[in-house]
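Structure record follows, encoded as structure tokens.
The values are calculated or read from the model by the stated rules, or taken from the named source; none is laboratory data. Small disclaimer: the values here were computed from a predicted structure and weren't measured. Don't worry about glycine lacking a Cβ; one is built from the backbone with ideal geometry, like all the others, and counts go over all protein chains shown. What goes into the accessible areas is simple: the full protein's heavy atoms, side chains included, and nothing from ligands, DNA or RNA. Shrake-Rupley method; radii C 1.70, N 1.55, O 1.52, S 1.80 Å.
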Amino acid sequence: MLTVLTRTSNRPNFFRRCRQSVLEQTSRAYHIVSLDDPRDTYAHGDVLVKVCRDTTVGARPENAYFNVMRRRVPPSFPYVMFLDDDDQFASPEAVATICRYLTTNRLVLWRVGFGNEHTIPEDNYWGGPPQPGHISGIGFAFNVQHWHDWKPEHFGDYHVVRHLYQHLSPVWLPSVLTRIQISQGMGQRDDRVY
């Protein structure tokens, strides 16, 4: 039912924890598509997730690589969500919770945790139209048939979810279902050391 789109870029430890949070889900109604950023030189060396390379995506693409990944969404898993290598599911029930609310014309949104410090959207942005800086690319799911190209621009996740919000029926889930593995850097962090 749900395709989890993950990009990784030379951060095998973050990617391992991200992937593990997917594999720990109580629901098996998911499919994983991972894209290995062309700047990346490491090999993952496992068979659980096929990581494909695509050299059409340039350096620092501001999440435009999701457009490449869209072509790899299987028809049997038509709903999509994003989970970068430095993100993870907040609980083993996250996929089951999201899937309960997915329908063709529905946008499902939830809170995203940033370390132990805060979540977005904050209460004053909750339930209303998405706002730049107060919505996260890992905080929504939708049917791939409603895909609006992710432009290579700052706040690309906001532009995508704003378009979806205007064309679909939004459903807000109050739980933190995804989180950033560490709270600083906004995608520019070094790989986690275990």
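A compact table of results
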quantity	calculated
Exposure rank, largest accessible area first [Y158, Y125; 1.4 Å]	Y125, Y158
Solvent-accessible surface ranking, highest first, for W126, W110, W172 at 1.4 angstrom	W126, W172, W110
Accessible-area value, R7, 1.4 Å probe, nucleic acids and ligands omitted, Å²	20
Projected label distance in nm at E93 and H167, using a 7 Å step from Cα toward the beta-carbon	3.3
Area of V171 that stays accessible when all protein chains are in place (1.4 Å probe, Å², to 10)	30
Gain on full stretching of the segment that runs from R71 to T26 - 0.36 nm per residue minus C-alpha separation	13.5 nm
Fully extended contour minus Cα-Cα distance, from N10 to I182, at 0.36 nm per residue	60.3 nm
